[in-house]
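Down below is the structure, laid out as structure tokens.
Each reported figure results from applying straightforward, stated rules to the coordinates on display, with no laboratory input. Remember, predicted model here, so these are calculated numbers, not experimental data. A quick note on method: Cβ atoms are made from the backbone with ideal geometry, for glycine too, and the neighbour counts reach across all protein chains shown.
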Amino acid sequence: MVRLQGALSRASPGARARSFLRQRQPAARLPLPILIEGYQYPGINHNLDQASRCAQYPWKELAWDQAHCRYLMGLYYGTWPWMREFVNVSRLELPSIKLWAYNHLCLYGWPIPLPTSDDRSFIY
């Protein structure tokens, strides 16, 4: 015990504080969010049903809590059905939809703000 205390006294203040907190507090077990992506389905297969199923996979197949699920969707080229994919996935009420290659949204001049519902006045 004396050797351990001596090693801690030579450690940095941050290391001593972390060691102290580990000994005094129980470890908090917070569920980590899961981020899932399925670029193959909308971008290559052009199948939005598969993309929606991929977004639902963590809570439908793996029994993950839906509040901790995230979806990463791609924005790559002009024929990518990203607006329809965004609308379909937003209907699933995920807490977060992340956009990969956001700079393509700006470079191609795609419309902002992103669609929020199935607005019939716009073709998705």
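Worth a mention:
- 5 angstrom amide H check on Cys69, placed H, neighbours 5+ away: Ile34
- For segment 32-40, backbone phi angles converted through the Karplus equation (6.51, -1.76, 1.60; θ = phi - 60°) give residue-by-residue couplings of 7, x, 10, 10, 10, 9, x, 4, 4 Hz, Gly and Pro being listed as x.
- Modelled spin labels at Ala63 and Ile34, positioned 7 Å past Cα toward Cβ, are 1.2 nm from each other.
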